[in-house]
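A.B. asks: Following this message is one structure expressed as structure tokens.
Every number in this text was worked out from the coordinates using simple rules, so none of it is lab data. For clarity, every value in this text was computed on a predicted model and none was experimentally measured. Here the Cβ positions follow ideal geometry from the backbone for every residue, glycine too, while neighbour counts run over all protein chains shown.
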Amino acid sequence: MNVKAKVAARNSLLRKLANSNWGADPKTLCTTALALSYSTAEYSSAVWARSCHAKKVDAELNNACRIVTGQLRPTTLPLLYRTAGIATPGIRRQTHGSTEKHKQETDLRHPLFDHSYPRARLKSRKSFRTVESVQPDQAASRTPPP
């Protein structure tokens, strides 16, 4: 089962919750959307974030955000996410990838710590290894975690 279908199934649960009397609180809907739809969509997103199929998952996340806010399709996406108080999927994936890269560079316990990567063979491929770290100045010092 692909990620888009999984998120769509969770969005249908979210839609049923939004149409009920006991779960229609905006904070409850936002928390449920983050726990069900967004967590499913962002699982290992550091690896597949640069795929051409990421836009398919973004469409389902947009639907989840529309369910939370109750806004219709003519609403622009920046306004939709600002109203919901959730960062856009692209920003969330970029942050997830940068955080993972920072862990690879600084955490001694990480399996890819101090790993030397082979030279890239295909210039058209955008590997997750090319992501900038969250804090590049600290990543260079390679301090062990507390």
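A.B. asks: If you count, for each residue, the other Cβ atoms within 10 Å and average over each peptide, how do 105-116, 79-90, 59-70 line up from highest to lowest?
C.D. replies: 59-70, 79-90, 105-116
A.B. asks: For ALA5 and GLN71, compute 0.36 nm times the residue count separating them, minus their Cα-Cα distance, and round to one decimal in nm. All intermediate terms of the calculation are to be shown ahead of the outcome.
C.D. replies: Values: separation 66, 0.36 × 66 = 23.76 nm, distance 2.23 nm.
Stretched fully, the ALA5-GLN71 segment lengthens by 21.5 nm.
A.B. asks: When a/c is below 1.5 the answer is rounded, else prolate if a/b is larger than b/c, else oblate, so apply that to the range 3-89 with a ≥ b ≥ c taken from the square roots of the Cα gyration tensor eigenvalues. The partial results should precede the final answer.
C.D. replies: Numbers: a/c = 1.95, a/b = 1.46, b/c = 1.34.
Prolate, since a/c reaches 1.5 and a/b exceeds b/c.
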